[in-house]
Every structure is written in C-alpha cells, then in structure tokens.
Amino acid sequence: MTLRACSRRLVVLTAVVVVAVVFAGACGPVDGRAAGEALFHDPRVSRSPFNSVTCATCHDDGTADPAATLPGASLVDVVFRPSWWGGQAGSLKQAVDACFVHFLREQPLAADDPRGRALYEYLLSISRREATPPAPLTIVENVTTVGAGDPRRGSAIWDRACASCHGAPRTGQGRSDERASIVPAASAGFAAETGFPVELVIVEKVRHGGFFGVGGVMPPFSVEALSDDDLRDLLGFVLAEP
C-alpha cells in the first residue's frame, strides 16, 4: 500500500470516528446496525404520541420500492457527504435533527440518545467509506400555477408519490393516518378561506410541505423528486371531475 493510499485510509477512518462521536455519543455495547435498521422503519423512532411516519416514509435506504417517488433523498452513501439538506445542514446530526423537529414531531436528539447511535451505525453500514457528493435539493422558493396536464399520467404519479400517505383522492380511503388530509377537499377549503386558486394551494403544499404554514408534517417535494411536468399531470388528475 502506498503512502498516499495509507493517508486516504487514515482520513476516512478518522472521519468515521469523529462522526460517530459527534452523532452517536452513547457508550457501551449495542447492536447498533440492527437497532438502527429497525428504528428506520418504525414510527416509534419518534417518542411523540402524534407521530405516524418513519424515516423510510421519505427516504430510501436501499430497500424502497424502485417505483415509489419519495420526497427525501436516498440515504445510501449518506454519511460522508460534505453537506445535507441542500447545503443547509453542515453535519449529519443537523440533518437528522431537522427531520425529527419538522416531520417526526420531536425535539433534536440529545448527544447521548441511543437512537442516535443506532441510526448512525445503520446509516454507516449502507455508506461507502469515502467522500460522496451531496444529494441535490432544489426547493422552489416562489411557486406559481403550472397548469393541469395529463390526468392518466397524473394518476400513476399519485399512486407513486401521494397515496401512501393520503390514500385515494376525494375519499382518503387507505390513507396512512386519519390526520392525513383528504385531497382535494382540504385544498379547496383552504382556497375558499384565503381566496387563492385551489391549484395554487396544491402546488404550494407540494413544493413547501409543512413549511407552507397550515400545519401538518408533509415534507416538501423538490424539483429533483417531482418535476414541474410531473406536478402538472398530478394536478390534472387531482382536479379532474370524478
């Protein structure tokens, strides 16, 4: 092994130790990978009695249905990215804490919380031990109406991106939680209250999620997750006459 290769290996191993100390904090023997994988797929990853979603609701860990459209970036190879959340988070812990606060209805994880240790070890197990590029994240700051596209294609997009939480449109049948809004009735109600067109309300909710300011924990769909063409066809389906 060359000196340069040894140096690179040392840098990677040092990074593993540093991130583990910062993100995990907990001491003592623990089967972190198995515990972390279980937490990743369990709503009890959050201790909030109001939470019903999991990490896997938004993020692929390599086991998600390839046909699904998830709002969050894949977490395969996540550990050694230089930044997260489109550059808004400078550490993996900051990125995880953002999910806990905004979507899992909880506070940031304490440094010695064993959930942090377990989640870190699981994410490490699905990450290469080398620097990997950040996941692109383009959030549309100022939304506009995009028109209504092909409802047939929009039906497939609904099934891939929306149905797992919202169930069937207009009835909510099969939705993940009774607090998940029924679309488009909820959007139409907000449109009536504010005077905004219902299609703009839907676009705003899709692009800004819970940050729209009307409650809920829906994550935003970036341009990378859902293109404007996809959104246009989705609107064509949601707003079509039954």
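Quick notes on this one:
- Computed about the Cα centre, the dipole magnitude for the chain is approximately 700 debye when only Lys and Arg (+1) and Asp and Glu (-1) carry charge, each at its Cβ.
- Residue with peak Gaussian network fluctuation, the chain [Cα springs, cutoff 10 Å], from Phe221, Phe40, Phe212: Phe212
- Angle in degrees between helix 3-23 and the longest Cα principal axis of the chain, rounded to the nearest 10: 60 degrees
- Mean sequence separation of contacting Cα pairs (under 8 Å, at least six apart), scaled by the length of the chain, corresponds to a relative contact order of 23 percent.
- Trypsin sites (Lys or Arg not before Pro) within the range 112-163, DSSP loop, no more than 15 other Cβ atoms inside 10 Å: Arg128, Arg129
- Contour minus Cα-Cα distance for Phe50 and Asp177 (0.36 nm per residue): 44.7 nm
- Alpha carbon convex hull of the range 151-215, volume per residue in cubic angstrom: 90 Å³
- Net +/- balance of residues flanking Ser52 in space, Cβ distance below 14 Å, scoring K and R +1, D and E -1: +1
- The residues neighbouring Val183, those whose beta-carbon lies less than 10 Å from its own, together hold a net charge of +3 under the Lys/Arg +1, Asp/Glu -1 convention.
- Choice from Pro71, Pro49, Pro220 showing the highest fluctuation, given a GNM over the chain with Cα pairs closer than 10 Å: Pro49
- For the range 112-140 versus the range 55-80, the gap between their alpha-carbon centres in whole angstrom: 11 Å
- Scattering from the chain was approximated by placing one identical point on each alpha carbon and applying the Debye formula without solvent; log10 I(q)/I(0) at 0.07, 0.08, 0.09, 0.14 1/Å stands at -0.27, -0.35, -0.44, -0.94.
- Nearest 10 degrees, 0 to 90: helix 198-208 Cα axis against the chain principal axis: 0 degrees
- The chymotrypsin sites (Phe, Trp or Tyr not before Pro) of the range 43-111 meeting both criteria, a DSSP state outside H, G, I, E and B (loop) and at most 12 other C-beta atoms within 10 angstrom of the site's C-beta, are Phe50.
- When the chain is described by a simple charge dipole with +1 on each Lys and Arg Cβ and -1 on each Asp and Glu Cβ, the residue from Gly189, Ala240, Asn51 located farthest towards its positive end is Asn51.
- Rounded to the nearest 10 degrees, the inclination of helix 92-102 to the longest alpha-carbon principal axis of the chain is 30 degrees.
A short reminder: the numbers here are calculations on the coordinates, not readings from a lab. This is a predicted model, so every value here is computed, not measured. Here the Cβ is made from the backbone with ideal geometry for all residues, glycine too, and neighbour counts use every protein chain on show.
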